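Structure first, then comments.
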Amino acid sequence: MMKNEENLKIEKVIECEIDNEITEKIQELLTESFEGIYPNNRIYFKQVPHFRFLAFNEDKHLLAQVGLDYRVMNLNGKLIKVLGIIDLCVSQESRAKGIASLLLLEIDKYCVGKEIDFIILFADNQTLYLKNGYKSVKNKCKWLKIDDRNQTMLGIGYEEISELMIKKIGMNEWTEGDIDFLGYLY
């Protein structure tokens, strides 16, 4: 799994409890990982996640992070409880060492025994997620469009998004058709 990062420590951090020091580390990691895309004045793209998993090495250097958002969505008229993965990233020097898979495993462990039907995410490159039990799904998505630069609402989006992926956690089955995010798109 991991090569060279034997003393990795993964911490769960509630978003509203993140201090300035950790905020700076997360900001640096996000802007490095999503170069030219990520805002340089905040640690979220469109909306703050509820909590994060942060992966540190033994020197307390932040190697990776993932934001998580818990909410209800409407899948073809049926309410489902979803944990959304937001901005999973690993520092450039720590990539290809299994750290992203360890974060996904930590999310799986977190979901055990909780009221979560599915984990959901969007991925341009789906390789990592396919290897970790996620599957690509074809649904027409409905969501609140947000201008990430100005932090304003733009309206409602409604289209199929090919990057949509899910992992079944609970007893509900995923179905094709419409998924209403009842909020913003990750």
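The values are calculated or read from the model by the stated rules, or taken from the named source; none is laboratory data. This structure is a prediction, so every number in the text was calculated from the model and none was measured. FYI the Cβ positions are ideal-geometry reconstructions off the backbone, even for glycines, and counts take in every protein chain you see. Ligands, DNA and RNA are excluded from the accessible area calculation, which covers all protein heavy atoms including side chains. Shrake-Rupley method; radii C 1.70, N 1.55, O 1.52, S 1.80 Å.
Looking at Ile116, Ile80 in this structure, which one is open to solvent by less than 30 Å² (accessible area, probe 1.4 Å), assigned to a loop (DSSP other than H, G, I, E, B) and more than 19 Å from Tyr38 (Cβ to Cβ)?
Ile116
What number of residues within the stretch 44-77 are part of a strand (DSSP E or B), more than 11 Å from the chain's Cα centre (by Cα) and either of a type in the set (Asp, Glu) or over 26 Å from Gln27 (Cβ atoms) (or both)?
4
Could you pull out the residue among Glu93, Glu106, Glu115 that is at pLDDT below 95 and out of contact with any Asp or Glu (no Cβ under 6 Å at 6 or more places or on another chain)? Quick ask: steps written out before the conclusion?
Details: Glu106 fails: at pLDDT below 95; Glu115 fails: at pLDDT below 95.
Matching residue, one of Glu93, Glu106, Glu115: Glu93.
Cβ-Cβ below 7 Å, separation at least six or inter-chain, first residue in the stretch 115-132 and closer than 20 Å to Met73 by Cβ, second open to solvent by 40 Å² or more (accessible area, probe 1.4 Å) and in a loop (DSSP other than H, G, I, E, B): which pairs?
Filtered contacts from the stretch 115-132: Ile116/Ile169; Asp117/Ile169; Phe118/Ile169; Ile119/Ile169; Leu121/Tyr186; Phe122/Glu163; Phe122/Tyr186; Ala123/Glu163.
Out of the residues in the stretch 83-95 that are open to solvent by 30 Å² or more (accessible area, probe 1.4 Å) and touching a residue at least 40 places away in the same chain (Cβ under 8 Å), which is nearest to Ile119 (Cα to Cα)?
Per the stated criteria, the residue is Asp87.
Kindly provide the set of residues from the stretch 159-179 that are of a type in the set (A, V, I, L, M, F, W, C) and open to solvent by 90 Å² or more (accessible area, probe 1.4 Å), ordered by number.
Answer for the stretch 159-179, where residues must be of a type in the set (A, V, I, L, M, F, W, C) and open to solvent by 90 Å² or more (accessible area, probe 1.4 Å): just Met171.
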